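The structure appears below as C-alpha cells.
Rule-based calculations on the coordinates, nothing more; no lab input. Only a predicted model underlies this, so the values are computations on that prediction, with no experimental measurement involved. Neighbour counts run over all protein chains shown; Cβ positions are idealised from the backbone, glycine included.
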Amino acid sequence: MGEFSNRSVAIVGSGPGGMYVAQALLEKAPGCRVDIIDRLPSPFGLIRGGVAPDHQKTKRVDQKYAQSITENESVRYVGNVALGRDVGLDELNQIYDAVVLAYGAPYDNKLGIPGEDKENVYGSNAFVGWYNCHPDFKDLGPNLEIGNAAVIGIGNVAIDVARVLSRTPAEMSTTDIADYAMDSIEAASLKNIYMFARRGPLEAACTNNELKEMGVLEAATTVVDPSVLPAEMPEEMDDREKKVRARIVDTFKELSQAKAGEKRRTVHIEFFASPTEILGGDKVEGIRMERTKVENGRCISTGETFDIPCEMVITCIGSRAEPIEGIPFNDRSGIVEHEEGRVSPGVYAAGWVKRGATGTIGTNRLDSYAVTDLLISDFAGDPMPGPNAMDSLVCDRDLQAVSFEDWLVIKDLEEKAAIEPSPRKKFCTVESMLEGLNATR
Ligand SMILES: Cc1cc2nc3c(=O)[nH]c(=O)nc-3n(C[C@H](O)[C@H](O)[C@H](O)COP(=O)(O)OP(=O)(O)OC[C@H]3O[C@@H](n4cnc5c(N)ncnc54)[C@H](O)[C@@H]3O)c2cc1C
C-alpha cells in the first residue's frame, strides 16, 4: 500500500508511450492502481508489430515492460479491450481518476499524388505489420513477383523495409518474421529496390547503425551514386551535427564502392528525388519522380522529371493517429488535441498519439514521465471507483479481456511453436491467440 492507493489510472495503449507512464506511476505515485488497456491480446505495440524482426535486441525492451506488470500487484494488463469499440472515454472517465491516451499513430500518411490507390501501393505501417504478423495486416498479400520496387523515404523505417525485403531465410532464422512473409520474400523475383530521398545525403533521416547494415547483406548490394556525396561538411553546421552527419556520409561513401547486380538484389539509394505520380492502370507500372535540390535548408523542385519502372511502391513517410469519438483531434497534425499532454479534465495523452510519429523508443520515456508529473499534480477530489468497476464493465459486456497471465500463456505457446533459433512463431490473428489460450484452460 502506498500514499496513492486510493487513486487509479487507465492507460489506453501498451506501447512504449503507455508503458513509460506505467513505470513513472510506479515510481512517483506508489500504490496507485494502474490498468493498461490494449485493443490486442498481445501487449507492447510497435515493439512487437513495428520494430524489425531482425532487430530482436531492440525488441527485448519488452522484458522491462513486462517486469513493470509482473512485479507490481497494482498494475494490470487488460488486453483485447478497445477504446471506442468496447468502452468509451466517458465511461473510463467515470471509473478512473485519470485516463492516459497512448494508442499510437498507426495510420500511414498519404503522398497525395495521382495513382496512390493502385494495387501494390502500401504504406510502411501496413507493410511492416504484414511481415511482423500484425493481425490488421496479415492478409495484405503484397505481390512480390515483380522486378522492381520503390520505397519512398530514407528514414529508419524505409531502411527496415528495404533490408527485410533483401534478407535471406538464413539471415532471418534468428528472427520472428511471419513465415508467409519470409516465404514470399525468398520466392520473389524482385531484383531492384529503389529508395528515394527528397533531400540529399546530408539530410538523410536514417541513423548510421541502420545504414551500415545495408552494406553487409548476404544477398543484396546497396549502391549510391558517389557524385552526389559531399566532399566536405558545410561550414555552417555545428560541430555535434557535423560529427553525426560525417559518419553517415562516410557510410554512404562505403556503399558507393559497391556495384549494382553483384548479388541477387540491388538496393539503389537515390537522393534529390520526390514522387509526383504513380504510373500504370489498375496496377503499378512505374513511378514518376521529380528532381529536387536543397537551398538554404529548403527542398525545392526543379521541374525535371524521370520515370522508374516498378510494380510496387511502399511509402515510408510517417503516420497519424485515428480520431476516436469524444476525443478532441487535430486533423492537420493527425494527433490528439492537447496542451502539454492535458487533453481534458482527467484525460492526458502520451507517446505518438500526443507527439506524432517521430523519435525512438527512448524519446517516449522522458515525455511520458513529464505527462505523469502533470497527471499526479492534478489528482484532486474523491477517488473514483477504479479497477473493480472496470471488471464489472468487462463482465457486463461479456468481453474476453486478456490478463497479463493470459498473455504469458499465449507467449509461451508462441515460443514452443518456434523452430530454433527463431525465438517465437507468432499468432497472426486475435482469434488464434484466444483459441490457443482457451485450449489451455
Ligand atoms: C516500423 C517501425 C519500426 C520502428 N523501429 C524502432 C527501432 O528499431 N528503435 C526505436 O527506438 N524505435 C523504433 N520505432 C519507434 C517506436 O516504435 C515508437 O517510438 C513507439 O512504438 C511509439 O509508442 P506508442 O506507445 O506511442 O505507440 P505504439 O507502439 O503504436 O503503441 C500503441 C498501442 O495502442 C494500442 N491501441 C491502439 N488503438 C487502441 C484502442 N482504440 N484501444 C486500446 N488500445 C489501442 C495498440 O494496440 C498498441 O499496443 C519504430 C517505429 C516503426 C513504425
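The H on the amide N of Gly123, modeled in the peptide plane, is under 5 Å from the matching H of Thr315, each at least 5 residues off or on a different chain. Summing charges over all other residues whose Cβ lies under 12 Å from the Cβ of Arg39, with Lys and Arg as +1 and Asp and Glu as -1, gives -3.
Can you give me the angle between helix 16-28 and the longest principal axis of the chain, using Cα atoms only, in degrees from 0 to 90, rounded to the nearest 10? Taking Cα atoms only, the helix is inclined about 40 degrees. Taking amide H atoms as placed 1.01 Å from N in the peptide plane, the amide H of Ile37 lies under 5 Å from those of Ile11, Val12, Gly13, Val78, each 5 or more residues away in sequence or on another chain. Expressed to the nearest 5 percent, the antiparallel share of DSSP beta bridges inside the range 107-319 is 40 percent. As a rough guide to protection, the peptides 306-315, 146-155 ranked by mean Cβ packing within 10 Å, highest first, stand as 146-155, 306-315. Structural descriptor for the chain: relative contact order 23 percent, calculated from alpha carbon pairs under 8 angstrom and at least 6 residues apart. Each residue of the range 402-419 was assigned a 3J(HN,Hα) from its phi angle through the Karplus expression (A = 6.51, B = -1.76, C = 1.60, θ = phi - 60°), giving 9, 7, 5, 4, 4, 4, 5, 5, 4, 4, 5, 4, 4, 5, 5, 7, 6, 9 Hz with x at Gly and Pro.
Protection proxy ranking of 290-299, 248-257, by the mean of other Cβ atoms within 10 Å over each peptide's residues and highest first, is 248-257, 290-299. According to the Cα-based calculation, Rg over Rh for the range 261-419 is 1.11, with Rh computed by the Kirkwood formula. When you count the other C-beta atoms within 10 angstrom of each residue and take the mean per peptide, 190-202, 323-335, 352-364 line up highest first as 190-202, 352-364, 323-335. If both residues of a DSSP beta bridge must be in the chain, then about 35% of such bridges are antiparallel. Averaging over all projection directions, the Cα-based convex hull of the range 1-99 occupies 6.3 nm² in the image plane. Cross-linked pairs Lys57/Lys263; Lys59/Lys426; Lys64/Lys425; Lys138/Lys263; Lys354/Lys426: Cα-Cα separations exceed 19 Å for Lys57/Lys263; Lys64/Lys425; Lys138/Lys263; Lys354/Lys426.
With one equal scatterer per alpha carbon and no solvent term, the Debye-computed log10 I(q)/I(0) for the range 1-50 at 0.30 1/Å reads -1.06.
Under 1.5 on a/c is rounded, so check that first for the range 209-314, then, if it is not, pick prolate when a/b is larger than b/c and oblate when it is not; a ≥ b ≥ c are the square roots of the alpha carbon gyration tensor eigenvalues. Since a/c reaches 1.5 but b/c is at least a/b, the shape of the range 209-314 is classed as oblate.
Taking GluC sites (Glu not before Pro) across the range 112-197, the ones in a DSSP loop with at most 12 further Cβ atoms lying within 10 angstrom of their Cβ are Glu145. The mean sequence separation of alpha-carbon pairs under 8 Å and at least six residues apart, normalised by the residue count of the range 361-441, gives a relative contact order of 16 percent.
Label the range 164-259 by shape, choosing from rounded, prolate and oblate, from the square roots a ≥ b ≥ c of the eigenvalues of the Cα gyration tensor; if a/c is under 1.5 it is rounded, and otherwise prolate applies when a/b is larger than b/c, oblate when it is not. Cα axes put the range 164-259 in the prolate bin. Derived scalar couplings between HN and Hα for the range 358-365 equal 9, x, 9, 4, x, 4, 5, 5 Hz in order, rounded to whole Hz, by the Karplus curve 6.51 cos²θ - 1.76 cosθ + 1.60 (θ = phi - 60°), x for Gly and Pro. Whole-percent P(r), the range 107-319, all Cα pairs, 5 Å bins from 0: 1, 7, 15, 20, 21, 17, 11, 6, 2, 1. Amide H contacts of Glu277: Arg288, each under 5 Å away and 5 or more positions distant or on a separate chain (H built 1.01 Å from N in the peptide plane; Pro and chain starts excluded). Here's the list of aspartates and glutamates a cross-link from Lys253 could span, going by alpha-carbon distance under 17 Å and ignoring same-chain residues fewer than 8 apart: Glu203, Glu210, Glu213, Asp225, Glu232, Glu270. Taking the square roots of 5 times each eigenvalue of the Cα gyration tensor of the chain, largest first, gives ellipsoid semi-axes of 40, 25, 20 Å.
222 nm [θ] for the chain, helices only, -39500 (n - 2.57) per DSSP H run of 4+, per residue, to 500? About -9500 deg cm²/dmol. The C-alpha atoms of the chain define a longest principal axis, and helix 239-255 lies at about 60 degrees to it.
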